[in-house]
Amino acid sequence: MDGIATDRFDTSRFQASRNRLASLAYRLLGSAADAEDAVQDAFVHWQAADRQQIRVPEAWLTKVVTNLCLDRLRSAQARRERTAGAWLPEPLLDGDPMLGPADTFEQRESVSLAVLTLMERLTPVERAVYVLREAFSYSHAEIAEILDVTESASQQHLHRARHRITAARHRAGSEVDPASARRIVEEFLAAASSGRTERLVALLTDDAIAISDGAGLTATLLRYDTAQHIAAIARAGFKPTPAKRRLAGGTPAVHYALVNGAPAILFVLGDSSQGYQVVGAVTFDLADGRIAMVRGIAAPARLIRLTEAWRQHEPDTPLITRW
């Protein structure tokens, strides 16, 4: 096989692993953009390596991507962003390859916005062990090789990670049948749009929390932690005004969608002929038939990939045609 043919073969071997590597990187970083950068950096390492000496390319690439992500998590800039209270996971539309694998409850849960947020409580190594074990079913022997730790250390990291996530999971939401989830979200939208505060409060758990990125206009996340306060904010936030339409860039339609496996409302400009632009997303974590967490995401940088996916998507009839 000549050099050009070898390069093509090796590139095809990398491309065969790209989606899995991107899924791993997204779970570790919580950002699709950063995950793509990490995978591209891994490709550079792959091209520079003596590939004939790599016996198991999948294992080698997994180790490279994992450690590139750990370097990013440990960087000074990442620590500043994540401790300054301005960090939220980047939302992804269901069906995005980065959300795979999604065959088991543990795999689906590991990519939920709730658990991606909870993983911020873990050290970088704990997060890596948790993701490799829970989402990708690596053995502790394999994880030890990837992270250059002992099997015993891998087991200890997993135990601590599971304990920290389980202890905080009471408000992380639970799987709800699709029809019930949609009904609850549609009731929330109807109550917020009509200003029915009492109905909004009834739809929220007693310890519900709402978080907003302030459309990227605030240095830190905005947090609301009583049902009454959340209801008041939702009533005001879902009321359309000329100022909000100017900020959005037009009059969006409001759609129901699934984002990271959870029910969501998307504010979408444009149409199939002009092209779509998602200008806002509100996601919901549900627990016992009520809403435990509301996230408002409107910073443009957090909606780039979601917009790209929506443009490839065949949307249902909007809940509100012109908001």
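Please give the helix 32-48 orientation as an angle from the longest Cα principal axis of the chain, in degrees from 0 to 90, rounded to the nearest 10.
10 degrees
Of all alpha-carbon pairs in the range 94-168, indicate the percentage at a distance above 15 angstrom.
52 percent
So how much slack lies between Thr321 and Thr241, counting 0.36 nm per residue of separation and subtracting their Cα-Cα distance, in nm?
Here the segment from Thr321 to Thr241 would lengthen by 27.3 nm.
So for the range 103-220, Kirkwood radius off the Cα pairs, Stokes-Einstein at 10 °C and 1.306 mPa s: how many µm² s⁻¹?
94 µm²/s
Which FRET efficiency value, to the nearest 0.05, is calculated for Ile54 and Asn19 with the Förster distance at 22 angstrom and r the Cβ-Cβ distance?
Calculated value: 0.65.
Leaving out ligands and nucleic acids, and using a 1.4 Å probe, what accessible area per residue does the range 187-323 come to in Å²?
48 Å²
So, with a 1.4 angstrom probe, what is the percent of accessible area on the chain that is carbon and sulfur?
Looking at the chain in its full context, I get 51 percent from C and S.
At R0 = 22 Å, how high is the FRET efficiency between Val44 and Asp148 if r is their beta carbon distance? Nearest 0.05 is fine.
That pair, Val44 with Asp148, gives E of 0.55.
Taking the 0 to 90 degree range and rounding to the nearest ten, how far is the long axis of helix 57-74 tilted relative to the main principal axis of the chain, both from C-alpha atoms?
50 degrees
Contour minus end-to-end for Ala167 and Ala102, with contour as 0.36 nm per residue of separation and end-to-end as the Cα-Cα distance?
Taking Ala167 through Ala102 to full extension adds about 21.1 nm, to one decimal.
Order these peptides, 24-37, 264-277, by their mean beta-carbon neighbour count within 10 angstrom, highest first.
24-37, 264-277
Expected output is a single nm value to one decimal: the length gained when fully extending between Arg199 and Leu222, i.e. 0.36 nm times separation in residues minus the C-alpha distance. What is it?
6.0 nm
How large is the Kirkwood hydrodynamic radius of the chain, in angstrom, based on all distinct alpha carbon pairs?
21.0 Å
Can you list the HN-Hα couplings for the range 152-159, worked out from phi with the Karplus curve (6.51, -1.76, 1.60; θ = phi - 60°), rounded to whole Hz and with x for Gly and Pro?
4, 5, 4, 4, 5, 4, 5, 4
For the range 20-155, what are Rg and Dmax over the alpha carbons, in angstrom?
Radius of gyration, then largest Cα-Cα span, for the range 20-155: 14.5, 45 Å.
The values are calculated or read from the model by the stated rules, or taken from the named source; none is laboratory data. Bear in mind the structure is a predicted one, so any value in this text is a computation, not a measurement. Cβ atoms come from the backbone with ideal geometry, glycine included; neighbour counts cover every protein chain shown. To get the accessible areas, we keep the full protein, side chains included, count just its heavy atoms, and leave off ligands, DNA and RNA. Shrake-Rupley method; radii C 1.70, N 1.55, O 1.52, S 1.80 Å.
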